[in-house]
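Here's the structure, in structure tokens; my notes come after.
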Amino acid sequence: LAIVKHKEAEAFLEPVPWQELELLDYPQIVSTPMDLGTVQRRLDAGGYASARELASDVDLVWSNALEYNPEGHWVNDAAAV
């Protein structure tokens, strides 16, 4: 994925370390976590049956970030780009 090379993608490359960051409500708000690193590994392994399935997982990365982080938060801003 070319997007993983984008400077603003860094926050989305690995699963959110919600326990480490003490975001204890994260699992209640984000029911299906997704990150670009997981998407890349699945893509490399041939794990997507279609481009639509790939796009759905990438969209999930952004929608999770927008859902959890309020407007004005840098993660929300990066996901909205």
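Under the condition of being open to solvent by less than 30 Å² (accessible area, probe 1.4 Å) and not aliphatic (A, V, I, L, M), which residue from the range 57-80 is nearest to L23 (Cα to Cα)? Explain how you work it out, then say what you get.
Step one: filter the range 57-80 for residues open to solvent by less than 30 Å² (accessible area, probe 1.4 Å), giving 57-58, 61, 64-65, 69, 75-76, 78-79.
In the following step, the residues that additionally are not aliphatic (A, V, I, L, M) were identified as 57, 64, 69, 76.
Values: D57: 22, N64: 14, N69: 11, N76: 15 Å.
So the residue we want is N69.
If I ask for residues that are among the β-branched types (V, I, T) and touching a Leu at 6+ places or on another chain (Cβ under 7 Å), which ones from the range 22-41 would you list? Within the range 22-41, T32, V39 qualify. Within the range 36-46, can one find any residue that is outside any helix (DSSP H, G or I) and either among the β-branched types (V, I, T) or free of Cβ contacts under 8 Å to residues at least 60 places away in the same chain (or both)? Yes, the range 36-46 contains a residue that is outside any helix (DSSP H, G or I) and either among the β-branched types (V, I, T) or free of Cβ contacts under 8 Å to residues at least 60 places away in the same chain (or both). Looking only at residues that are charged (D, E, K, R), open to solvent by less than 100 Å² (accessible area, probe 1.4 Å) and under 17 Å from L66 (Cα atoms) in the range 6-56, which one is farthest from the chain's Cα centre (by Cα)? The residue in question is D25. Out of curiosity, is D59 at pLDDT 95 or above, under 17 Å from V4 (Cα atoms) and either in contact with a Lys or Arg (Cβ under 6 Å, 6 or more places away or on another chain) or acidic (D, E) (or both)? Against the criterion (at pLDDT 95 or above, under 17 Å from V4 (Cα atoms) and either in contact with a Lys or Arg (Cβ under 6 Å, 6 or more places away or on another chain) or acidic (D, E) (or both)), D59 qualifies.
The values are calculated or read from the model by the stated rules, or taken from the named source; none is laboratory data. These numbers come from a predicted model, not from an experiment. Ideal geometry is used to build each Cβ from the backbone, glycine not excepted, and the neighbour counts take in all protein chains shown. Only protein heavy atoms, including side chains, enter the accessible area calculation; ligands, DNA and RNA are left aside. Shrake-Rupley method; radii C 1.70, N 1.55, O 1.52, S 1.80 Å.
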